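Student: Below is a structure I'd like to ask you about.
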Amino acid sequence: MTDSVPPHGEGKDPEIELFVKAGIDGESIGNCPFSQRLFMILWLKGVVFNVTTVDLKRKPADLHNLAPGTHPPFLTFNGEVKTDVNKIEEFLEETLAPPKYPKLAAKHRESNTAGIDIFSKFSAYIKNTKQQDNAALERGLVKALKKLDDYLRTPLPEEIDADSTEEEKVSKRKFLDGDDLTLADCNLLPKLHVVKIVAKKYRNFEFPTEMTGLWRYLKNAYARDEFTNTCAADKEIEQAYADVAKRLSKS
């Protein structure tokens, strides 16, 4: 399946095609946070690009020739194949630059590392089969989520009014680095979404309601097309973890 995403801005855009993992039906968007990360970056850049979903079970011969031994996501930029997600992000930020395209890099270094250990804690939690280890692994995940919640609740320097005698207690910002989505969000949000869907489905675990910073962040993210329209369907994500999420047993 190939979809064209509309442009914003004038002038000739480079020719970009993004190849992402296909879903169960071989056509829709599959579960892949890395694919979604690049999809979001390109959308936020406002560049014209095509998206092709790749069915890994029936990978076409022309894709084997285009990027031998490579799994999605990868992209072609004016015919040149780019395959490493981190390098692609770096390349797009350097190449699709102001004044024509927005800068997406976070201003605060801490925004890039916020929530960095959530996905690894989640993976250990969801793959565990031993009932006796479940509580400790869940606590590890909650601790990582709490760290992110603390960061989202703490005002950024620019939110603190230097002339005000009243101290800003809680941040009101929408995203990790402010009120605009950045590369940091493109990296974290797809993973956070997977954690939310899978932990609920297979462990009946939900993000604690008292984590108001985290919930504010997710609410703002789900209000943005760049995020919601690049997410795989919930059932795709659940299915992807059907064999990974182990049933707990006492042995």
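Quick grid of which residues meet (1) in a helix (DSSP H, G or I); (2) under 30 Å from PHE91 (Cα atoms); (3) in contact (Cβ under 8 Å) with a residue 60 or more places away in the chain:
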| residue | (1), (2), (3) |
| --- | --- |
| VAL194 | yes, yes, yes |
| PHE207 | no, no, yes |
| GLU210 | no, no, no |
| GLU226 | yes, yes, yes |
| CYS231 | no, yes, yes |
| GLN239 | yes, no, yes |
| ALA245 | no, no, yes |
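Student: In the stretch 112-122, which residues are of a type outside the set (D, E, K, R) and open to solvent by 30 Å² or more (accessible area, probe 1.4 Å)?
Tutor: If the condition is that a residue be of a type outside the set (D, E, K, R) and open to solvent by 30 Å² or more (accessible area, probe 1.4 Å), then ASN112, THR113, ILE116, PHE119, SER120 are the ones that fit.
Student: Of the residues that sit in the stretch 70-111 and are open to solvent by 30 Å² or more (accessible area, probe 1.4 Å) and of a type in the set (S, T, N, Q), which one is nearest to GLN36 (Cα to Cα)?
Tutor: Here the residue is ASN86.
Student: Which of the residues spanning the stretch 18-47 are closer than 18 Å to THR76 by Cα, open to solvent by 50 Å² or more (accessible area, probe 1.4 Å) and not in a helix (DSSP H, G or I)?
Tutor: LYS21
Student: Tell me the helices (runs of 4 or more DSSP H) entirely within the stretch 81-152 that contain at least 1 residues that are in contact (Cβ under 8 Å) with a residue 60 or more places away in the chain and over 22 Å from TYR241 (Cβ atoms). Steps first, please.
Tutor: On the way: elements: 85-95, 109-113, 118-127.
Helices (runs of 4 or more DSSP H) meeting the threshold: 85-95, 109-113.
Student: LEU214 versus (1) crowded, with 20+ Cβ neighbours inside 10 Å; (2) of a type in the set (A, V, I, L, M, F, W, C); (3) in contact with a Lys or Arg (Cβ under 7 Å, 6 or more places away or on another chain): which is the lone unmet condition?
Tutor: Exception for LEU214: condition (3).
Student: Could you check ASP177 against (1) among the charged types (D, E, K, R); (2) over 19 Å from the mean Cα position of the chain (by Cα); (3) crowded, with 16+ Cβ neighbours inside 10 Å; (4) within 22 Å of GLU93 (Cβ to Cβ) and say which number it fails?
Tutor: Checking ASP177 against (1) among the charged types (D, E, K, R); (2) over 19 Å from the mean Cα position of the chain (by Cα); (3) crowded, with 16+ Cβ neighbours inside 10 Å; (4) within 22 Å of GLU93 (Cβ to Cβ), the one that fails is (2).
The values are calculated or read from the model by the stated rules, or taken from the named source; none is laboratory data. Just so we're clear, the structure is a prediction, and the values are computed from it rather than from any experiment. Note that each Cβ is placed from the backbone with ideal geometry, even for glycine, and that neighbours are counted across all protein chains shown. Each accessible area value is taken on the protein alone, full model and side chains, heavy atoms only, with ligands, DNA and RNA left out. Shrake-Rupley method; radii C 1.70, N 1.55, O 1.52, S 1.80 Å.
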